[in-house]
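Asker: Let me begin by handing over the structure; questions about it come next.
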Amino acid sequence: IKQDFHMKLRAGGWLRFKDVDFGRAGEAVAAREAVSCENSQIKDAFVEFRLDSPTGPVIAEAPVKFTFMLVYHATLTAPLTRAVEGVHDLYIAARGSGGDAYGRLFNLNWFTFVRAPG
């Protein structure tokens, strides 16, 4: 499933997606997402994929860098750090510092999960 959004995330901010079906263990192997960042002051910024709560286990994370403009997206792929199976609430969280005047670090445009070949 590929979802298309344009969400601005602050440090510590998160998005919740209820009842995401990951299928069988090992079926999803990576998270792929498009992000943009027009703020050159960000530091140590990451997009995190967490299970079941905003502080739940991190199943994937990818560093976010300055992309110059809102319309320039970087497509990132982060391998899952553990096998996930069944239905879970998915939280996509922002971590880092140096946000803009409103505290925003970066923008999430879309995300999907990569399935194992076969």
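The values are calculated or read from the model by the stated rules, or taken from the named source; none is laboratory data. Here the structure is a predicted model, which is why all the values come from computation and not from measurement. Neighbour counts run over all protein chains shown; Cβ positions are idealised from the backbone, glycine included. Quick note on the areas: whole protein, heavy atoms, side chains included, nothing else; ligands and nucleic acids left out. Shrake-Rupley method; radii C 1.70, N 1.55, O 1.52, S 1.80 Å.
Asker: Among the residues of region 77-93, what is the count of those that are in a strand (DSSP E or B) and either open to solvent by less than 30 Å² (accessible area, probe 1.4 Å) or touching a Ser or Thr at 6+ places or on another chain (Cβ under 9 Å) (or both)? Walk me through how you get there before you give the answer.
Answerer: First, the residues of region 77-93 that are in a strand (DSSP E or B): 77-79, 87-93.
In the following step, the residues that additionally are either open to solvent by less than 30 Å² (accessible area, probe 1.4 Å) or touching a Ser or Thr at 6+ places or on another chain (Cβ under 9 Å) (or both) were identified as 78, 89-93.
Here the count works out to 6.
Asker: May I pose another question? Scan region 40-52 and give yes if some residue there is open to solvent by 80 Å² or more (accessible area, probe 1.4 Å), in a loop (DSSP other than H, G, I, E, B) and either closer than 26 Å to Gly118 by Cα or modelled with pLDDT under 95 (or both), otherwise no.
Answerer: Taking every residue of region 40-52 in turn, at least one turns out to be open to solvent by 80 Å² or more (accessible area, probe 1.4 Å), in a loop (DSSP other than H, G, I, E, B) and either closer than 26 Å to Gly118 by Cα or modelled with pLDDT under 95 (or both).
Asker: In the set Ile42, Ile92, which member is in contact with a Leu (Cβ under 8 Å, 6 or more places away or on another chain), aliphatic (A, V, I, L, M) and over 25 Å from Gly23 (Cβ atoms)?
Answerer: On the way: Ile92 fails: over 25 Å from Gly23 (Cβ atoms).
The unique qualifying residue is Ile42.
Asker: Considering each of Gly96, Gly56 in turn, give the residue that is within 15 Å of Trp14 (Cα to Cα), in contact (Cβ under 8 Å) with a residue 24 or more places away in the chain, part of a loop (DSSP other than H, G, I, E, B) and open to solvent by less than 80 Å² (accessible area, probe 1.4 Å).
Answerer: The match here is Gly56.
Asker: Look through Leu80, Leu108 and report the one residue that is hydrophobic (A, V, I, L, M, F, W, C) and in contact with an Asp or Glu (Cβ under 8 Å, 6 or more places away or on another chain).
Answerer: Being hydrophobic (A, V, I, L, M, F, W, C) and in contact with an Asp or Glu (Cβ under 8 Å, 6 or more places away or on another chain) holds for just one of Leu80, Leu108, which is Leu108.
Asker: Oh, and also: Quick one: which of Phe17, Phe68 is surrounded by fewer than 18 Cβ atoms within 10 Å (Cβ to Cβ) and in contact with a Cys (Cβ under 9 Å, 6 or more places away or on another chain)?
Answerer: It is Phe68.
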